[in-house]
Amino acid sequence: MNKCKCIIGMLLSCVALGLSAQTKASWPAMQTTFLLNVAVSDQRPPALGLTFARAGLLGYYANFMIGIDNIHLNYDYRAAADGSLTDGENAGLIPFYTGKRANNRLSATVGGICRMVIPLYAYVGAGYGYRTETRELLNRKWVETATSLGPSGIVEAGLIGRIEAITLQAGYSLFIGRDNRLYHEARVGLGVTINR
């Protein structure tokens, strides 16, 4: 959590310095950016998403991400850290699984953008996420694993840079889930900026 505070603090400091160096007359025209994102973490399948942004000196963005693994949001039981079931008539028993897994990951975030220097921008945002892992039992019912975060808050920060019309993004996202458990992701993006 201290790393997250340091990263956000540094980005906000850079934003403040970038704003103080600008005058109203030098503010650039708003530009529209579309990015294809990949979120990389310790989970095997990455998540894919899209970012839409509008920025001049200041701006805003919206992002949506979804995991590309099997999606199975419903579950019948929950499992403890030792693998035993925590609810139902089979509470305390360690079940047998078919081997099917589903890593469910969805998120939507919005935030602000500030130009630091041409063509480098900093962004900071927050939003909602959902992240669980479910496994199938032999009786075709599903179990939510102990590592699942469930509905989560998300904070994120990063940089967006341009080379002509080509736009690159690098950032960090932190899911804050049930029982204050944390899940970290790095996000990279590639896209295009239009001067409109």
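The values are calculated or read from the model by the stated rules, or taken from the named source; none is laboratory data. Quick caveat, the model's predicted, so the values are computed rather than measured. For the accessible areas, the whole protein counts, side chains as well, though only heavy atoms, and no ligand, DNA or RNA atoms are used. Shrake-Rupley method; radii C 1.70, N 1.55, O 1.52, S 1.80 Å.
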| task | Could you please put K141, K100 in sequence from largest to smallest accessible area, using a 1.4 Å probe? | result | K100, K141
| message | Output the 0 to 90 degree angle, nearest 10, between the alpha-carbon long axis of helix 2-20 and the longest principal axis computed from the alpha carbons of the chain. | response | 20
| query | Compactness ratio of the chain: Cα Rg over 2.2 N^0.38 Å, N = residue count? | reply | 1.24
| request: Could you please state how large a percent of the accessible area of the chain is carbon and sulfur, counting protein chains only and using a 1.4 Å probe? | output: 65
| query | Per residue, how much accessible area does region 20-150 have with a 1.4 Å probe, in Å²? | reply | 52
| query | Roughly what % of DSSP beta bridges within region 74-190 run antiparallel, to the nearest 5? | reply | 95
| field | Estimated [θ] at 222 nm from DSSP helical runs (n ≥ 4, -39500 (n - 2.57)) normalised by residues in the chain, nearest 500 | value | -3500 deg cm²/dmol
| query | Which three lengths, in whole Å and largest first, does region 42-90 cover when its Cα atoms are put on their principal axes? | reply | 59, 20, 19
| With the contact rule set at Cα under 8 Å and sequence spacing of 6 or more, what percent relative contact order holds for region 100-159? | 36
| task | For I94, tell me the accessible area in Å² from a 1.4 Å probe, rounded to the nearest 10. | result | 120
